[in-house]
Amino acid sequence: MEGDKPTEEKPKSQAQDAPKEENMVEGPDGQMMSRKAYKKLMKKLEKEKRKEETKKRVEAEQAKSKKKEDEDLGEYVKDPNDPCADKFGDLELCRSTVLPEEGKSVYDKYKRVKNITEELKDQVVTIRARVHRVTGKGGAIFIILRESFSTLQACLFQNDGVSSGMCEYARRIPKESLVIITGIVHVPENPIKKCTQQVEIHIQEIWNHHKSVPRLPINLDDAANVVLNQKLEDEDHKEEETKEERGKKKTIIVGQNTRLNNRILDLRVPANQGILRVGSGICRYFREFLLERDFTEIHTPKLIGGTSEGGAEVFKTDYFGTEACLAQSPQLYKQMGVTCDLERVFEIGPVFRAEKSFTPRHLCEFTGLDLEMAFYEHYFEVVDTICELFGYIFENLNKTYSKEIEAVRTQYPFEDFVFKKEVPKFKFVEACDILKEAGYEQNPHKDLETENEEALGKIVKEKYGTDFFVVYNYPIEARPFYTMLNPDDPEYTHSYDFFMRGQEIMSGAQRIHDPEMLTERAIAKEVPPETIQDYINCFQYGAYPHAGGGIGLERVLKLFLGIHNIRKCSMFPRDPKRLTP
């Protein structure tokens, strides 16, 4: 019986390889393609068509909107025969040509927006404020007025005392113009949304004190939008990620660079007003507390020879043919102040650091709150004074600046800063052990890493219920040459850092006040003694044991208010890429 023959494969013809003719269709350009490819192509073309139509529609709407806006922003020409011509218009530029009437105060004439309350019902008042927004048309115009972070609604209704021309003039006043308004305080039946004052003014007179440009470079309503994720304001965020987040929230997020490039307008946003005023409060209570405890305010040089602390990160400049630099710290001069028998000194002034750091917590110029004081027996006398100082600042900020704090929280939601009268204090090695127990590696002979500082802050918050604590006895490698060594363990120093929300806001220490020891430590830290000889010499004539520290104002402000980027806490920030405005 003949065996089965293997089946021979016939070679596939080109016709077999190609799609069957019945599955082929003619494409839009006359080319033949499969039905599947045709459907895919048509779907793509339809999508592009819709996209183009949408683009044209948006452009047309924008052009229409711009045309209407141009018409609305066109300057109104007042009719000299208008029956209300003496009740509205542009005032001449104020050039201080008219003195106040003798015996009368302008502060009696003008009211502040924040003081316009129900108690003034039916009274005639005069205010000066910014035009935040204008709505309405025809014979009914509504103006939202703003003064700092206080807002008030003013209304204009066409009647016997208000002409149509007066209404049209008010409608065309550019946003951010300063106006002077006189009117009657009215208490409406329903709450006024989005205004801090729950009264309104029925306008009798409206005068433009100083007109703004018709178009602003940024929209202040956009700049005041609630920001749940503050990192979205950073310019280093990926554009597509930002767009995705914006899409979810359906709000416009004004970027950090855009804000800083238009800082004058940006600072008018209520949250930024609050930030600056709380910062002012920190300086106020810092100075108040120390003056009450017999401290003397001093003012030290900012142009110096050599370096403030022996570091290399300084801004150098020419000083009549000699090299000078901007002070990194008033440290050496504070110590001289103590030694010249002032004993307790402090300073509020600029500090310069030439660090090429682009983090949200570093600036090249910031405001330093520095203090130094003599003590009797132990540097903890100073540490305890600083603990009391911060408690005084925090307590009074919450008490006096509650409106400002809430203005910030409205745009940038944050948890209250928690602190206790008894401030937890940890030795550096104890802090290392706490971190180790939580699974973090920290070399006990190196400075705390940023990640570990933040972790320590969270652990302390959970265990002790506070955002504020102290770590002391730092290793010798982590401290500058003038820090007193711990005689019981020379690998560590009599130094300390204060922390808020897991970030360092103050470094301090007992200073070496012996000339020979100071010279030895300077050499060990590679600081040429001859560059700081005046400083060393000041301890030759009998010196108090003393300690102190330097606080960064902007960093305290940032952490107290839960702000992500420190640039927001500086009026006009300076970083490695920004030298304006």
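Structure values in brief
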| quantity | calculated |
| --- | --- |
| Vicinal HN-Hα couplings computed from phi for region 454-461 (Karplus, 6.51 cos²θ - 1.76 cosθ + 1.60; Hz; Gly/Pro x) | 5, 5, 4, x, 5, 5, 5, 4 |
| Whichever aspartates and glutamates have a C-alpha closer than 20 Å to that of Lys87, once near sequence neighbours (fewer than 8 apart) are set aside | Glu75, Asp79, Asp122, Asp160, Glu168, Glu200, Glu205 |
| Sites matching chymotrypsin sites (Phe, Trp or Tyr not before Pro) across region 330-414 that sit in DSSP coil, with at most 12 neighbouring C-beta atoms within 10 Å | Phe358, Tyr376 |
| Rg(Cα)/(2.2 N^0.38 Å) for region 271-569, N = residue count | 0.99 |
| Debye intensity ratio in log₁₀ form over the Cα atoms of the chain, taken at each q of 0.12 Å⁻¹ | -1.21 |
| Value of relative contact order over the chain, rounded to a whole percent, pairs C-alpha under 8 Å and six or more apart | 11 percent |
| Integer Hz, Karplus 6.51/-1.76/1.60 couplings in order for region 36-41, x for Gly and Pro | 5, 5, 5, 4, 5, 5 |
| Space enclosed by the convex hull of the alpha-carbon atoms of region 326-420, per residue, Å³ | 149 Å³ |
| Size of charge dipole - the chain - debye, nearest 20, with Cβ of Lys, Arg +1 and Asp, Glu -1, no other charges | 3040 debye |
| For Leu342, net neighbour charge (Lys/Arg +1, Asp/Glu -1) across residues whose Cβ lies under 14 Å away | -4 |
| Those GluC sites (Glu not before Pro) in region 85-126 that DSSP places in a loop and that have at most 11 other beta carbons within 10 Å | Glu92, Glu101, Glu102 |
| Within-12-Å neighbourhood charge of Arg50 [Cβ basis; K, R +1; D, E -1] | +4 |
| Virtual spin-label span in nm between Asp294 and Lys47, 7 Å along Cα→Cβ | 7.9 nm |
| Separation between Cα centres of region 20-50 and region 488-510, rounded to whole Å | 72 Å |
| The chain, helix-only ellipticity at 222 nm - DSSP H runs n ≥ 4, -39,500 (n - 2.57), divided by all residues, nearest 500 | -10000 deg cm²/dmol |
| Spin-label pair Lys316/Glu395, simplified geometry with 7 Å Cα→Cβ offset, distance in nm | 4.9 nm |
| DSSP-assigned coil residues among trypsin sites (Lys or Arg not before Pro) in region 526-581, each with at most 13 further Cβ atoms within 10 Å | Lys577 |
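We did not get these values from a lab; they are worked out from the coordinates using the rules stated. Since we're looking at a predicted model, the values are computed, not measured. Quick reminder, even Gly has a Cβ in these numbers, built from the backbone with ideal geometry, and neighbours come from all protein chains shown.
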